[in-house]
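Nothing in this text is a laboratory measurement; each read-out follows from the coordinates by a stated rule. Everything numeric in this text was worked out from a predicted model, so none of it was measured. A quick note on method: Cβ atoms are made from the backbone with ideal geometry, for glycine too, and the neighbour counts reach across all protein chains shown.
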Amino acid sequence: MTLEEIQSLLNVLFRYGFEGAIAGLIVFFLVKHFLPGYLSQKGKNLATQEDIEAITDKVESVKSGYAEVLEEIKSNNQIKIASIEREKILKKEVFMEAAEALTHSLNMIANFSNLNLSEETLTSGFSSEAGKIAKVQIVGEGRTVRAVTAIMSSIGEATLKLMLERSPLVNRKNLIAINEKQRDKSQAEIERYISIMKNLNLQGNTDQGLWDTINRAIDYENGQVETYDKEIESLWEAQNKEHLEYVSKCMDTFFEISEILPEAILAVREELDLNISPAEYLDIYKKNIEKGRVVFNKFLEKVPNA
């Protein structure tokens with residue numbers, strides 16, 4: 001109690017007496033100590049309630065915002081998943097077409113040995129297949145693109161080389177056809193003269209000059225047939241030997257390029273999550289290649305003069 005508070009208490013005591021002083025003292029203590037604490041605690045309670053309401057509002061706001069974020073994340077994930085699925089479907093379509101096109105392109109290498117197919121037929125087929133294979137560069141990953149590009153490069157290089165070596169064989173084949181056509185024409189003339197001779201005999205024609213002319217014509221055509229036959233035989237002898245060598249070269253090239261195909265296949269399977277043991281796949285593939293070589297070599301052994 002301060003000096004001023006004691007002075008005020010004495011004034012009350014002198015003015016109101018002892019009972020008044022006691023009552024005043026009680027009121028003083030209530031005002032001085034109890035009431036301020038009560039009012040202070042009351043204010044704290046009000047403040048606490050307001051704070052709780054504010055915090056509750058903030059929590060609800062955060063919960064609402066968090067829910068929105070979760071929904072947005074969920075939506076974005078669904079979009080990403082859908083995008084990944086579409087990409088996989090697109091890749092699968094491109095890779096399946098490319099695999100088929102690669103097979104056709106490899107078969108074209110073997111088909112070069114078929115001299116009955118024109119170069120236009122061979123190259124046009126390759127051009128159409130190359131367009132399908134090129135799509136791999138758009139959707140494929142690095143390993144796949146490199147592997148497919150290596151195969152296409154090998155096929156392109158082999159195509160140019162085999163076409164150059166094929167040209168003499170095609171020219172000789174055409175020359176054989178020309179000689180055969182001329183021989184057949186002379187043979188037809190011989191048959192025609194023989195028919196004339198039969199008619200002359202039936203008619204009893206004894207004109208020696210006419211008979212001599214027909215005989216000379218037949219002798220000439222026989223000489224032509226013999227010449228053409230010798231030329232055709234010589235051409236076929238060279239053709240058969242060189243064509244067989246060319247067939248072997250085409251098939252060797254086919255097998256060589258086939259040996260680099262697994263890298264592309266394994267790369268594609270990895271992109272499409274079609275897992276397989278590389279060692280197991282290579283073992284299966286190499287066995288098939290070796291089997292193909294064995295079958296072809298047995299075929300060569302059966303070919304005369306191979």
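Descriptive notes on the structure:
- Whole-Hz couplings from phi, Karplus 6.51/-1.76/1.60, listed for the stretch 255-269; x for Gly and Pro: 5, 4, 5, 4, 5, 9, 5, x, 4, 5, 4, 5, 5, 5, 4
- Spherically averaged projected area of the stretch 92-165 from its Cα convex hull (nm²): 4.6
- The stretch 111-257 - convex hull of alpha carbons, volume per residue in Å³: 111
- Only one residue of I194, S248, T206 has its Cα farthest out toward the positive end of the dipole of the stretch 170-295, where Lys and Arg carry +1 and Asp and Glu -1 on Cβ, and that residue is T206.
- Test item: Cα-centred dipole of the stretch 144-291, Lys/Arg +1 and Asp/Glu -1 on Cβ, debye: 260
- Gain on full extension, evaluated as 0.36 nm per residue between W236 and L272 minus their Cα-Cα distance, stands at 7.8 nm.
- Rounded to the nearest 20, the size of the Cβ-charge dipole of the stretch 242-292 about its Cα centre is 160 debye, with Lys and Arg at +1 and Asp and Glu at -1.
- Test item: Cα-centred dipole of the stretch 134-188, Lys/Arg +1 and Asp/Glu -1 on Cβ, debye: 140
- Efficiency of FRET between E157 and K185 - r from beta-carbon atoms, R0 51 angstrom, step 0.05: 0.75
- Spatially close Lys pairs in the stretch 85-179, defined by Cα atoms under 16 Å apart and a spacing of eight or more places or different chains, total 5.
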